[in-house]
Amino acid sequence: MDINNLFQVAATKQASDLHLVVGLKPYLRIDGALVTLDNEPTITRQNIEEQAYSLLTPAQKERLKNNLELDVAYAASNGSRFRVNVHYEKGNLGLVARIILNQIPSLESIDMPKVTYNLLRLQQGLILVTGPTGCGKSTALAAMIEHINSEQNRNIITLEDPIEFIFKPKKSIVIQRELGNDILSFQAGLKHIVRQDPDVIMVGEMRDLETIAATITLAETGHLVLATLHTYSAAQTVDRIIDIFPPYQQAQVKQQLSSVLSAIISQRLVPKVKGGRVAAREVLINTPAVANLIRENKLAQISTVIETNNKIGMVSMDKALKNLYKDGLISKGDMELYSTDITLD
């Protein structure tokens, strides 16, 4: 087994992920389904140790030894890039590699909602891209940053774990900082970022209380902040952010979030009828009515507000799925599978 050959196979087959597990043949995830590489040998403990360590620097090997888990970016000799997670399972090394597109997609190419273009012209606020693992959050965020980079003269700073897409400065300055190499933690990076004169800040993932608190504070202090969160809907996103704080802070957080939140774009990838996958996106815009619901903790009513404000760009997940079905892109079965409560007109 040669991992660079496997990376090449994964890229050629347009897989999203490569899975290596001791005792199994390599697996690819293609259009959401796991596919075995039957022509490859079964992975042994020695195989995976040799191949995984070949991707790592001495410092990264030490971090893996200390933390038993490691996320790194890896560039193959042909220029292809991968986000690699090395971990242990049953005492053996395991590896999952996410294939990163060589070209940063445009907003048009991934069919981002039209309201996104207006959101990215904001001078300050918080835009969240949410969804389950593997739903294209990083790709959507990269397309948004690239749009700002191409259209506006701004200083963009990203905090990532690891760096995935490589941005080339166009009209903007783009500074990319990687966890473990350039910053010790997202919290530390966010603490000092205001001294780097940013206009736009991208936080790869709001994964803990400290990072969420710092991100909200930065959005309050006159910056446009883009970030991701692992949640399934706009209402759940607001609830998750509030709930992560201790009870005595939640009233303050509701007030802060109601004032700094600009929008939540929650997405899922759904199988297309003719192969591949397409994104279904729910969009919440923070209107005065939404801000009031957040302050008063009436989050169950957010879905109703989304349903009744299509004219300003809000779209519910069920409406997005119905539109994809009516356009012939997804099947009725998948529309119903991914929906919460759909009835066809």
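Per the conditions (1) more than 19 Å from residue 300 (Cα to Cα); (2) at pLDDT 95 or above, the sole criterion not satisfied by residue 254 is (1). Would you confirm whether or not segment 214-221 contains a residue that is without any contact (Cβ under 8 Å) to a residue 24 or more places away in the chain, among the charged types (D, E, K, R) and farther than 30 Å from residue 17 by Cβ? No, there is no match, as no residue in segment 214-221 is without any contact (Cβ under 8 Å) to a residue 24 or more places away in the chain, among the charged types (D, E, K, R) and farther than 30 Å from residue 17 by Cβ.
Here residue 166 does not qualify as buried (at least 19 other Cβ atoms within 10 Å of the Cβ), in the same structural domain as residue 148 (by TED's automatic domain parsing) and in contact with a strand residue (DSSP E or B) (Cβ under 9 Å, 6 or more places away or on another chain). Considering only segment 288-311, I want to know if a residue exists there that is within 30 Å of residue 34 (Cα to Cα), touching a residue at least 24 places away in the same chain (Cβ under 8 Å) and assigned by TED's automatic domain parsing to the domain that holds residue 205. No, segment 288-311 contains no residue that is within 30 Å of residue 34 (Cα to Cα), touching a residue at least 24 places away in the same chain (Cβ under 8 Å) and assigned by TED's automatic domain parsing to the domain that holds residue 205. Pairs are defined by a Cβ separation below 6 Å, a sequence spacing of at least 6 or placement on different chains, a first member in segment 316-327 that is modelled with pLDDT of 95 or more, and a second member that is part of a helix (DSSP H, G or I); the pairs so defined are 316/306; 316/307; 321/335; 321/338; 325/335.
Each residue in segment 178-194 was checked for being among the charged types (D, E, K, R), in contact with a helix residue (DSSP H, G or I) (Cβ under 7 Å, 6 or more places away or on another chain) and surrounded by 19 or more Cβ atoms within 10 Å (Cβ to Cβ), and 0 pass. Considering only segment 317-333, I want to know if a residue exists there that is under 24 Å from the mean Cα position of the chain (by Cα), aromatic (Phe, Trp, Tyr) and over 18 Å from residue 263 (Cβ atoms). There is no residue in segment 317-333 that is under 24 Å from the mean Cα position of the chain (by Cα), aromatic (Phe, Trp, Tyr) and over 18 Å from residue 263 (Cβ atoms).
Scanning segment 20-44 for residues that are touching a residue at least 60 places away in the same chain (Cβ under 8 Å) and either of a type in the set (D, E, K, R) or not in a loop (DSSP other than H, G, I, E, B) (or both) yields 20, 29, 31.
This table checks each residue for (1) in contact with a strand residue (DSSP E or B) (Cβ under 7 Å, 6 or more places away or on another chain); (2) over 20 Å from residue 17 (Cβ atoms); (3) surrounded by fewer than 19 Cβ atoms within 10 Å (Cβ to Cβ); (4) assigned by TED's automatic domain parsing to the domain that holds residue 182.
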residue	(1), (2), (3), (4)
39	no, no, yes, no
58	no, yes, yes, no
90	no, yes, yes, no
109	no, yes, yes, no
141	yes, no, no, yes
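How many residues are buried (at least 22 other Cβ atoms within 10 Å of the Cβ) and touching a residue at least 40 places away in the same chain (Cβ under 8 Å) if we restrict to segment 240-249? If you could, list the steps in order and put the result at the bottom.
Filtering segment 240-249 for residues buried (at least 22 other Cβ atoms within 10 Å of the Cβ) gives 241.
Imposing the further condition that a residue be touching a residue at least 40 places away in the same chain (Cβ under 8 Å) reduces the set to none.
Qualifying residue count, segment 240-249: 0.
Are any of the residues in segment 201-222 closer than 23 Å to residue 185 by Cα, in a helix (DSSP H, G or I), among the hydrophobic types (A, V, I, L, M, F, W, C) and under 16 Å from the mean Cα position of the chain (by Cα)? So far as segment 201-222 goes, yes, one or more of its residues are closer than 23 Å to residue 185 by Cα, in a helix (DSSP H, G or I), among the hydrophobic types (A, V, I, L, M, F, W, C) and under 16 Å from the mean Cα position of the chain (by Cα).
The values are calculated or read from the model by the stated rules, or taken from the named source; none is laboratory data. The structure displayed is predicted, hence computed values, not measured ones. As a convention, Cβ positions derive from the backbone with ideal geometry for all residues, glycine included, and neighbour counts pool all protein chains shown.
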